[in-house]
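Engineer: First the structure, which I've put down as structure tokens, then a few questions once you've had a look.
The values are calculated or read from the model by the stated rules, or taken from the named source; none is laboratory data. Every value quoted in this text rests on a predicted model; they were computed, and no experiment measured them. Note that each Cβ is placed from the backbone with ideal geometry, even for glycine, and that neighbours are counted across all protein chains shown.
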Amino acid sequence: MADLINIPHDILFNIFSRIPIKSLVQLRCVSKSWLHFITDSFVFNRHLSYSKNLKIILKDFQHFYSLDCESFDKVIEVDTGMSKSDNDKHNVVVWGSGVGGIIVSFLGRFRKKIFLWNPCNGEHIEIHNLNMRSISYMFSAYFDPADKNYWLLAVYHDNNVVDLSSSVFVYSVASNTWREIKSIPYSLPKRHGVLVNGSLHWVAAHRSRISTMYDLVIAFQIGCEEFREVPLPNCQNPNCFIDVTELGGELCLVCNYGICVEAWLMKDYGVKESWTKLFNIKHPTGLHFRSLIPLCFTKDGVLLLQMDNTSLVLYHPMIIEDLFCLNIEGIPKCFEPITYYESTRGSFKSNPKE
């Protein structure tokens, strides 16, 4: 049998990407070269990460646009159907997305409205929101299969208090009620949690630290409603800025060192030793960026990333030597990408307990 080293990698990738994942696991036993190639993150995640149910929406200050994830050639503006702040100019803020739902708020001069919105069918419900005058909130949405109910989680920190602790509330869509669950000794950035393996994840800073730099990852476990710290790979240094995202159902840690960006995947959730490096991308000559966040794998196994808030780029070490900037018709100059999964679950308004 020919050694894989003598076969061009792009041809190998095309072949192995068409093999079922169960067969790939068996083929790793053929030889060491097969083992190393197949267990390469890009080969395995070609199977694990591409999903036809994964959708991407881009948001600027006031509008939403759907992105064609097959051709990446254009975006189309989406009419949400949600009523905005009464006859007032508004800014749109997306607080989080889950399976089948996105949390959206419209910030007007006199009023704020918060909705849970399903962009697949246009359904939306307005959420009874908390008093937000002097407190910074971060929202996340999730679906709990145990009670078949959509939930919102709100983490807030009083800006007038030096202590880095945050308070946590949960909202039940079925009962239309909020309840406080606990206070946590962490400060979180103003962004939604990343849903992986039945838990929401954030980068965080512990209140006992002198620095407020986000150097930890914490998780909120749905169901038992408990927080815990997630073990990280041994890749950090004081000059590293970290972030978390979801990639193909796995937790992805992004480490920005200034001169390069690394991404790691937790292959066996909760196991520190299972962190696997996905890529290390150095800043190409003439191209400077502050952040580089993986979004998804395309059907061809190429990685789609968000570069800052201004560009979408493609990357694959075996196909594309450098980052390839996409030229997309109608894309906003500044945007936030939102990834979500289409869901066949029922209406937000249905109450399984009734």
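Engineer: Residue by residue through the stretch 261-278, note down the ones that are in a helix (DSSP H, G or I) and within 18 Å of L305 (Cα to Cα).
Structural biologist: Matches in the stretch 261-278: none.
Engineer: Moving to a separate point now. Going by the conditions given, is V203 surrounded by 18 or more Cβ atoms within 10 Å (Cβ to Cβ) and at pLDDT 85 or above?
Structural biologist: Here the answer is yes, as V203 does meet what is asked.
Engineer: Being over 25 Å from E229 (Cβ atoms) and touching a residue at least 24 places away in the same chain (Cβ under 8 Å) is the filter here; which residues of the stretch 239-278 pass it?
Structural biologist: I259
Engineer: If you scan the stretch 282-297, which residues turn out to be modelled with pLDDT under 90 and surrounded by 18 or more Cβ atoms within 10 Å (Cβ to Cβ)?
Structural biologist: Selection gives F289, C296, F297.
Engineer: So which residues in the stretch 55-111 are modelled with pLDDT under 75 and either within 25 Å of L314 (Cβ to Cβ) or of a type in the set (S, T, N, Q) (or both), if there are any at all?
Structural biologist: Result: S83, S85, N87, N91, V94, S97, S105.
Engineer: Any residue at all in the stretch 316-329 that's in contact with a Cys (Cβ under 9 Å, 6 or more places away or on another chain) and outside any loop (DSSP other than H, G, I, E, B)?
Structural biologist: Within the stretch 316-329, not a single residue is in contact with a Cys (Cβ under 9 Å, 6 or more places away or on another chain) and outside any loop (DSSP other than H, G, I, E, B).
Engineer: For the list (1) closer than 24 Å to L153 by Cβ; (2) touching a Gly at 6+ places or on another chain (Cβ under 7 Å), I need the number of the one condition that L253 fails.
Structural biologist: (2)
Engineer: Can you confirm whether G258 is assigned to a loop (DSSP other than H, G, I, E, B), buried (at least 17 other Cβ atoms within 10 Å of the Cβ) and at pLDDT below 90?
Structural biologist: Considered against the rule, which asks whether it is assigned to a loop (DSSP other than H, G, I, E, B), buried (at least 17 other Cβ atoms within 10 Å of the Cβ) and at pLDDT below 90, G258 comes out as no.
Engineer: Quickly run through the stretch 112-135 and pick out the residues that are of a type in the set (S, T, N, Q), surrounded by 15 or more Cβ atoms within 10 Å (Cβ to Cβ) and at pLDDT below 70.
Structural biologist: Listed by number, the list holds a single entry, N129.
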